[in-house]
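This report concerns only the one structure given below.
No value in this document is a laboratory result; all are computed from the given coordinates. In this text, all values refer to a predicted model and were calculated from it rather than measured experimentally. Heads up, the Cβs are rebuilt from the backbone with ideal geometry, glycines too, and the neighbour counts pull from every protein chain shown.
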Amino acid sequence: MIGLYKYIESPFGEKTYFAGANSGVGFVNLFGDFYEESSLDRLYIIKGGPGTGKSTFMRILAGRAADAGAGAEYFLCGSDPSSLDAVVLSGGGKRIAVIDGTSPHAYDAKYPGAVSAVLDFGSFWDKGILESERGRIISLAKKKSGCFERSYRFLAALSVMRRDLRSVTARAIDRKKLDAFVRRCVAALPESADCRRRFRTREAFTMKGTVSLGFPANHTLWSVSGREDAHGEVMSALAEALSAGKRSHTVFRDSVDTDKISALHIDCADIYIGSFPERPPEASRNINISRFLLPDRLKDSRNKRRFTEKCALSLASGAADALSEAGTYHFELEEIYKRAMDFGRLAEAEEKLYREITDFFR
């Protein structure tokens, strides 16, 4: 669904990703796939309602940590790309993460006390204000939940359509030719001293539209163009060859089918491989899918593919509309919770946390 996404520029730079995805199986929290809790020196899990300052806290903390010499990875909310769901701070051999552990991206600590701690922002709100808005909060929350459930039905059906498209096109791929190509590509790359595979995602179906962070600047770009439903086959073949050839790489997951690959970064050569309808001018190399396709097999499935493509676009549009409606209820809820928050008391507590966390990097 390349043409469906609109590109947005992250205010945090190229080390920005999405922490979760509205997918064909519902909301998927991906943070645990990105970082295992035991690999962190400390994990802070924030609990609190919408509009209680979780994202703002993470933004300020990352700035303070930068002043202390730490670098940061930023993870945007998979439903609201203007909000942060997590930051991971690294420096001096230390790695600290702060995540939003509130539904739908709920996170339960694996090693409470030893690694993780819970920050309860709900302790700074006025219960009386929220109780007085009980009826409205319940009504808005139910409407929002209904919209998300509707979007997940659309996304589940979209996932089926996309799998069908991929399976039809996969039968038209010349496997020997594709495998020989990816082996040549990987053989020309420098080997990694420490071969590893990381996972990230840079696209999402959100309440503000279907968005992609695009390809990072200042990297060599290779484009995969041509039939979109075959892009995943090329990406998977490349990923397998990179692992077999001991080349470190980052796998960018598809936002609808999170077990599929939407893009790759070859870490050992600083090459980003992305999917595009046609070759962009920035691409130093283009991998056109047509060179690996058997035309006769494609011709036999043409009508089926056209029908399935139309269905897929309609379902994607339906999911986007449902998520947009969910956004109207979510942002109304945020305003209610903002009015109930004692941000003065919260700021005092946050100052102590800023010092506690940044001391790790001094």
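Report the net charge of residues surrounding Asp194, where surrounding means a beta-carbon distance below 14 angstrom and charges are Lys +1, Arg +1, Asp -1, Glu -1. Don't jump to the answer; show the numbers that get you there.
On the way: positive: Arg196, Arg197, Arg198, Lys246, Arg247; negative: Glu191, Asp267.
So the environment of Asp194 carries a net charge of +3.
Name the residue from Pro81, Gly20, Cys185 whose Cα lies farthest towards the positive end of the charge dipole of the chain, charges +1 on Cβ of Lys and Arg and -1 on Cβ of Asp and Glu.
Value: Cys185.
Near Arg95, within a Cβ-to-Cβ distance under 13 Å, what is the net charge of the other residues, with Lys and Arg +1 and Asp and Glu -1? Working shown, then result.
Working: positive: Arg42, Lys94; negative: Glu36, Glu37, Asp41, Glu73.
Residues close to Arg95 contribute a combined charge of -2.
When all alpha-carbon pairs of region 207-332 are counted, what percent fall beyond 17 Å? Intermediate results must be reported in sequence, preceding the final value.
On the way: 5238 of 7875 pairs.
Summing the P(r) tail past 17 Å for region 207-332 gives 67 percent.
In region 27-116, which trypsin sites (Lys or Arg not before Pro) fall in coil by DSSP and have 13 or fewer other Cβ atoms within 10 Å? Display every interim value, and only then the final one.
Details: sites: Arg42, Lys47, Lys54, Arg59, Arg64, Lys94, Arg95, Lys110; in loops: Lys110.
Taking region 27-116 and a limit of 13 other Cβ atoms within 10 Å, the loop trypsin sites (Lys or Arg not before Pro) found are Lys110.
Can you compute 3J(HN,Hα) from phi for each residue in region 69-75, using the Karplus curve 6.51 cos²θ - 1.76 cosθ + 1.60 with θ = phi - 60°, rounded to whole Hz and x for Gly and Pro?
Running phi through 6.51 cos²θ - 1.76 cosθ + 1.60 with θ = phi - 60° gives x, 8, x, 9, 10, 10, 10 Hz.
Roughly how compact is the chain, stated as its Cα Rg over 2.2 N^0.38 Å to two decimals? Don't skip to the end; give the middle numbers.
On the way: Rg = 22.1 Å, N = 362, 2.2 N^0.38 = 20.6 Å.
Here the answer is 1.07, to two decimals.
How big is region 174-249 along each principal axis, measuring the range of its Cα positions in Å and listing the largest first?
Cα extents, longest axis first: 41, 33, 20 Å.
Around His330, what is the net charge, scoring Lys/Arg as +1 and Asp/Glu as -1 over all other residues with Cβ under 12 Å from its Cβ? If you can, show how the numbers build up before the last one.
Working: positive: Lys143, Lys144, Lys208; negative: Asp80, Glu325, Glu332, Glu334, Glu335.
Charge balance near His330 sits at -2.
At 20 °C and 1.002 mPa s, grab the translational diffusion coefficient of region 1-106 from Stokes-Einstein with a Kirkwood Rh over Cα pairs, rounded to a whole number in µm² per second.
149 µm²/s
In deg cm²/dmol, rounded to 500, what helix-only [θ] at 222 nm does the chain give when every DSSP H run of at least 4 residues adds -39500 (n - 2.57) and the total is split over its residues? It would help to have the intermediate numbers written out before the result.
Values: 9 runs with 149 residues, N = 362.
After summing the helix terms and dividing by residue count, I get -13500 deg cm²/dmol.
Report, in listed order, any pair from Lys110/Lys143; Lys143/Lys352; Lys6/Lys144; Lys142/Lys338; Lys208/Lys260; Lys54/Lys110 with a Cα-Cα distance greater than 26 Å.
Numbers: Lys110/Lys143 32 Å; Lys143/Lys352 37 Å; Lys6/Lys144 23 Å; Lys142/Lys338 19 Å; Lys208/Lys260 23 Å; Lys54/Lys110 21 Å.
As for pairs spanning more than 26 Å Cα to Cα, those are Lys110/Lys143; Lys143/Lys352.
Between Ala217 and Glu351, what FRET efficiency comes out of the Förster formula 1/(1 + (r/R0)^6) with R0 = 35 Å and r the beta carbon distance, rounded to 0.05? All intermediate terms of the calculation are to be shown ahead of the outcome.
Values: r = 35 Å, r/R0 = 0.99.
So, using R0 = 35 Å, E works out to roughly 0.50.
Go through region 1-64 and name the GluC sites (Glu not before Pro) that are in a DSSP coil and have 14 or fewer other Cβ atoms within 10 Å of their Cβ. Before the final figure, lay out the partial values.
Working: sites: Glu9, Glu14, Glu36, Glu37; in loops: Glu9, Glu14, Glu36.
When the GluC sites (Glu not before Pro) of region 1-64 are filtered for loop state and at most 14 Cβ neighbours within 10 Å, Glu9, Glu36 remain.
Going Cα to Cα from Lys177, which aspartates and glutamates come in below 17 Å? Please leave out same-chain ones fewer than 8 positions away.
Reachable aspartates and glutamates: Glu233, Glu240, Asp296.
Taking a temperature of 10 °C and a viscosity of 1.306 mPa s, what whole-number D in µm²/s does Stokes-Einstein yield for region 121-221 with Rh from Kirkwood over alpha carbon pairs? Spell out each step's value before the answer.
Values: Rh = 19.8 Å.
Once the numbers are plugged in, D ends up at 80 µm²/s.
Calculate one ³J(HN,Hα) per residue across region 207-223 by plugging θ = phi - 60° into the Karplus curve 6.51 cos²θ - 1.76 cosθ + 1.60, and present them in order as whole Hz with x for glycine and proline.
Per-residue couplings from phi come out as 6, 10, x, 8, 10, 9, 7, x, 9, x, 6, 6, 10, 5, 10, 10, 10 Hz.
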